[in-house]
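Q: My questions all concern the structure below.
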Amino acid sequence: MSIQATAELDRARIAELTEREQRRLDESTPGSSAMFERARRALAGGVASAYQQRQPWPIYLERGVGSRVWDVDGNERIDFHNAFGSMPQGHAHPAITKAVRERLELGTHFAAPTEDSVAVAEELTRRFGIPRWRFVNSGSEATMDAIRIARAQTGRETIVKIFGSYHGHHDYVMVSIGVPYDEIGDREDYASLPYGAGIPQSVADLTVPVPFNDAGAMERRIERLFEEGRQPACVIMEPAMMNLGVVLPEPGYLEAVRELTKRLGVVLIFDEVKTGLCVAAGGAVERFGVTPDLITLAKALGGGLSAGAIGGTEEAFEVVESGKVYQVGTFNGNPLAMAAARASLTEVLTPDAYEHLDSLEERLLRGCQDVIDRHGLPGYSVGIGAKGCVTFSPEPIVDYESFKVHQDEALADLAWLYNMNRRIYMTPGREEEWTLTVAHTQEDCDAFVASFEEMAADLTA
């Protein structure tokens, strides 16, 4: 990827525009301010999850239809946030709401299997070419169970993960995610750093981070683990990193990881919680042509309801089917979630839908890149399937180190404010990306580009 020479941006101008846009957003969301004052008296921090927090207050949403959402102040925005990438189906899709409504009248939960769960598993097998599946309720549960299966299969304890990747909020993967650059250590021997308080260092030490897009570094670190008597049970990784914006695998990288893990008897887990069902019908497995031993899905699977899944080879799932691993959960395969997932897979995320998403993605990437080139901004557009972003960096981002050194946080924050003030609902933070839906139109994408154009013009005037 080549990046054109860029203009030197005035940092004072960035700060001035940020203050202006922040004031404008605050003035347009008094209802959210009032809701926050009410919420903080009962909800810790006024929100249900730390990732929903925002200063001076969160934007509280009221409803969503198709590609639109409305906040409690009545502000309508085109949704490119889509629940942190959970909604490529769009909001309140008729096929999904019909399936859930019909299921409601038949009973909402039994803690027993239903026919919908069988149908969903069959469809996932068809799409991913992976023969065995179990259901959970979230991405965190999926990665937790996948790691447990890998440990049981290999009889080992150590985990290898990619530095900077997020795999859910259980202790073993809340390691070496968003940490200060000067604490990460040498890329040949990255530090195992807990992500926040409450995670024992002894647990974090069982998880060994390695850089993305560097199969050689992974091989050398795993070989040293063997020498130390700490043979890893698994490598867990996103096939395309979706926690640093979007970082695509370089040619040959995933194939090299697959060969390495097979040769050393290490279970390969693809965390497709963000990519699965969003970048293609068969996720990154289909896009890149590399099949892991285990795969985890969530987010987009439930069509707006909480659902996750673990898929794997017959060999990997032998420890589950034999009863050695207790893969359990009262709400696993909940009838409402399975009805929604079945409708989504068979009626919404169809071949035509993926053609539509690819077409929109191409238009959005091309439009954003044109703005970057004409205004000489430091950055580039990058994406795949329904996922994409503008990365504000003068150099290509290939891993966590390059992200921490080059990505411009101030520009990312300013872009979010411009979007919110111009009817574009977008994920906050420099590490997030947009998610397109089957309900988005070319005009929606053009509105996103127009917002970006306005910011670029204001920065470079």
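Q: Among residues belonging to segment 33-76 that are among the hydroxyl-bearing types (S, T, Y) and open to solvent by less than 70 Å² (accessible area, probe 1.4 Å), point out the one that is farthest from P88 (Cα to Cα).
A: Going residue by residue through segment 33-76, those that are among the hydroxyl-bearing types (S, T, Y) are 33, 49, 51, 60, 67.
Among the residues that remain, those that are also open to solvent by less than 70 Å² (accessible area, probe 1.4 Å) are: 33, 49, 60, 67.
Working: S33: 29, S49: 21, Y60: 21, S67: 10 Å.
In this case the residue turns out to be S33.
Q: Under 8 Å by Cβ, and 6 or more places apart or on different chains, what pairs join a residue from segment 22-43 that is free of Cβ contacts under 8 Å to residues at least 40 places away in the same chain with one that is among the aliphatic types (A, V, I, L, M) and not in a helix (DSSP H, G or I)?
A: Listed by first residue and then by second, the contacts come to M35/V72; A39/V47.
Q: Another question, then. In this structure, is L244 modelled with pLDDT under 95 and crowded, with 18+ Cβ neighbours inside 10 Å? Talk me through it step by step, then tell me what you get.
A: Working: modelled with pLDDT under 95: yes; crowded, with 18+ Cβ neighbours inside 10 Å: yes.
When the stated conditions are applied, L244 passes them.
Q: Next question. For segment 428-452, which residues satisfy the criterion of being open to solvent by 10 Å² or more (accessible area, probe 1.4 Å) and at pLDDT below 95?
A: Matches in segment 428-452: P428, G429, R430, E431, E432.
Residues are listed down the side, and each one gets a yes or a no for (1) among the polar types (S, T, N, Q); (2) over 16 Å from M241 (Cα atoms):
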residue: Y400; (1), (2): no, no
residue: Q407; (1), (2): yes, no
residue: L414; (1), (2): no, yes
residue: Y418; (1), (2): no, yes
residue: R423; (1), (2): no, yes
residue: E432; (1), (2): no, no
residue: A450; (1), (2): no, yes
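Q: Another one. Quick one: what pairs do we get from segment 46-61, first residue more than 22 Å from E21 (Cβ to Cβ) and charged (D, E, K, R), second outside any loop (DSSP other than H, G, I, E, B) and open to solvent by less than 70 Å² (accessible area, probe 1.4 Å), C-beta under 9 Å, 6+ apart or different chains?
A: Close Cβ pairs (under 9 Å, with a partner that is outside any loop (DSSP other than H, G, I, E, B) and open to solvent by less than 70 Å² (accessible area, probe 1.4 Å)) do not exist here.
Q: Kindly establish whether L336 is touching a Lys or Arg at 6+ places or on another chain (Cβ under 6 Å) and either open to solvent by 10 Å² or more (accessible area, probe 1.4 Å) or on the phi > 0 side of the Ramachandran plot (or both). Spell out the reasoning first.
A: Values: touching a Lys or Arg at 6+ places or on another chain (Cβ under 6 Å): yes; either open to solvent by 10 Å² or more (accessible area, probe 1.4 Å) or on the phi > 0 side of the Ramachandran plot (or both): yes.
The answer is yes for L336.
Q: State yes or no: is G46 under 24 Å from A298 (Cα atoms) and either of a type in the set (S, T, N, Q) or at pLDDT 95 or above (or both)? Give the derivation first.
A: Numbers: under 24 Å from A298 (Cα atoms): no; either of a type in the set (S, T, N, Q) or at pLDDT 95 or above (or both): yes.
Judged against the criteria, G46 is not a match.
Q: How many residues are over 22 Å from the mean Cα position of the chain (by Cα), open to solvent by 50 Å² or more (accessible area, probe 1.4 Å) and in contact (Cβ under 8 Å) with a residue 12 or more places away in the chain if we restrict to segment 182-197?
A: Residues that pass the stated criteria total 3.
Q: I'm trying to understand the selection: among the residues of segment 165-181, which are within 20 Å of the chain's Cα centre (by Cα) and either of a type in the set (F, W, Y) or closer than 23 Å to I397 by Cβ (or both)? Explain how you work it out, then say what you get.
A: Our first condition is that a residue be within 20 Å of the chain's Cα centre (by Cα); within segment 165-181, this holds for 165-179.
Within segment 165-181, S165, Y166, H167, G168, Y172, V173, M174, V175, S176, I177, G178, V179 meet the criteria.
Q: Additional query: Output the number of the condition that E16 fails; it satisfies all remaining conditions of (1) open to solvent by less than 90 Å² (accessible area, probe 1.4 Å); (2) at pLDDT 95 or above; (3) of a type outside the set (A, V, I, L, M, F, W, C).
A: The number of the failed condition is (1).
Q: Testing V290 on (1) touching a residue at least 60 places away in the same chain (Cβ under 8 Å); (2) assigned to a loop (DSSP other than H, G, I, E, B); (3) under 27 Å from Y354 (Cβ atoms), one condition comes back false. Which one is that?
A: Just one mismatch for V290, condition (1).
Q: Here are some conditions: (1) in contact with a strand residue (DSSP E or B) (Cβ under 7 Å, 6 or more places away or on another chain); (2) under 30 Å from G379 (Cα atoms); (3) open to solvent by less than 10 Å² (accessible area, probe 1.4 Å). T261 meets all but one. Which one does it not meet?
A: (2)
Q: Within segment 370-394, count every residue that is open to solvent by 50 Å² or more (accessible area, probe 1.4 Å) and modelled with pLDDT of 95 or more.
A: First, the residues of segment 370-394 that are open to solvent by 50 Å² or more (accessible area, probe 1.4 Å): 370, 373-374, 394.
Subset that is modelled with pLDDT of 95 or more: 370, 373-374.
Residues that pass the stated criteria total 3.
Q: Determine, yes or no, whether V203 is at pLDDT 95 or above, more than 30 Å from V279 (Cα to Cα) and aliphatic (A, V, I, L, M).
A: Working: at pLDDT 95 or above: yes; more than 30 Å from V279 (Cα to Cα): yes; aliphatic (A, V, I, L, M): yes.
Yes: the conditions hold for V203.
The values are calculated or read from the model by the stated rules, or taken from the named source; none is laboratory data. Computed from a predicted model, the values in this text were never measured in an experiment. In this analysis, Cβ positions are derived from the backbone assuming ideal geometry, glycine residues included, and neighbour counts consider all displayed protein chains. Remember, those area values only see protein heavy atoms, side chains included, never the ligands or the DNA or RNA. Shrake-Rupley method; radii C 1.70, N 1.55, O 1.52, S 1.80 Å.
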